[in-house]
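The values are calculated or read from the model by the stated rules, or taken from the named source; none is laboratory data. Since this is a predicted model, take the numbers as computed values, not measurements. For neighbour counting, all protein chains shown are included, and Cβ atoms are generated from backbone atoms with ideal geometry for every residue, glycine included. Ligands, DNA and RNA are excluded from the accessible area calculation, which covers all protein heavy atoms including side chains. Shrake-Rupley method; radii C 1.70, N 1.55, O 1.52, S 1.80 Å.
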Amino acid sequence: MGVVTYEFEVTSPVAPTRLFKAFVLEGAKVFPKAAPHAIKSVELEGDGKPGSIVKINFVEGLPFQYMKHMIGGHDENNLSYSYSLIEGGPLGDKLEKISYENQFVAAASGGSVCKSSIKFYTVGDYVITEDEIKALIQRSEVVYKAIEAFLLANPDACN
């Protein structure tokens, strides 16, 4: 097994506290509303604390039926959270899991920056390429931008 770490940032005109609430505290409600073209439903297995499982079910026609995340934890004061993709989605037979650490911070020009560190845990001798990593990140950014658009169109959501 190998581990590859990739770091990147995404900017948004939305305040960091609203993004944190949308992604972490109210994700089960927000995701299907913000991205109905992709997400059918979100189910929580557990109490929402570290070790709980979040199952995201996708609409028909997408390459994946579902994916499961294991919650690592979250810190409301630092607007940070962590989780690992442990089943379904893009894992296939080449990735054991993908672990994410994210933090929303205020941007100097207003809005926010989401700082992400992602660790790809590969199976066997498989080596993930930078192009594969970028493709996976692009898929995630589609949902991120949909949630951002939802928050901009619904200024009372996640306040």
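Here the label points at ASN159 and ILE53, each 7 Å from Cα along the C-beta direction, are separated by 3.8 nm in the simple model. When the Cα positions of ALA15, TYR66, GLY89 are compared along the charge dipole of the chain, ALA15 comes out farthest toward the positive end, with charges on each C-beta of Lys, Arg, Asp and Glu. For the chain, the residue among SER80, PRO155, HIS37 whose Cα projects farthest onto the positive side of the dipole built from Cβ charges is PRO155.
In this simple spin-label model, placing a label point 7 Å from the Cα along the Cα-to-Cβ direction at both VAL142 and LYS94 gives a separation of 1.8 nm. Shown is the FRET efficiency for ALA28 and VAL123, computed with R0 = 22 Å from the Cβ-Cβ distance and rounded to the nearest 0.05: 0.15.
Around the amide H of ILE39, modelled in the peptide plane, lie the amide H atoms of VAL59, all under 5 Å away and 5 or more residues distant in sequence or on another chain.
Using heavy atoms of the protein chains and a probe of 1.4 Å, the accessible area assigned to HIS69 is about 20 Å².
For the range 1-85, the dipole from Cβ point charges (+1 on Lys and Arg, -1 on Asp and Glu) about the Cα centre works out to 240 debye, to the nearest 20. Net charge dipole, the chain: roughly 340 debye, given to the nearest 20, about the Cα centre with Cβ charges of +1 for Lys and Arg and -1 for Asp and Glu.
Computed per residue of the chain from DSSP H runs no shorter than four, each worth -39500 (n - 2.57), the mean residue ellipticity at 222 nm is -7500 deg cm²/dmol. The share of Cα pairs per 5 Å bin across the chain, counted from zero up to the longest distance, runs 2, 9, 17, 22, 22, 17, 8, 3, 1, 0 percent. Counting only Cβ charges, +1 for Lys and Arg and -1 for Asp and Glu, the dipole size of the range 92-142 around its Cα centre is about 220 debye. With a simple spin-label model that places each label point 7 Å from the Cα along the Cα-to-Cβ direction, the separation between ILE133 and THR11 comes to 2.3 nm. Subtracting the Cα-Cα distance of LYS40 and ASN78 from 0.36 nm times their residue separation leaves 10.7 nm of extension gain.
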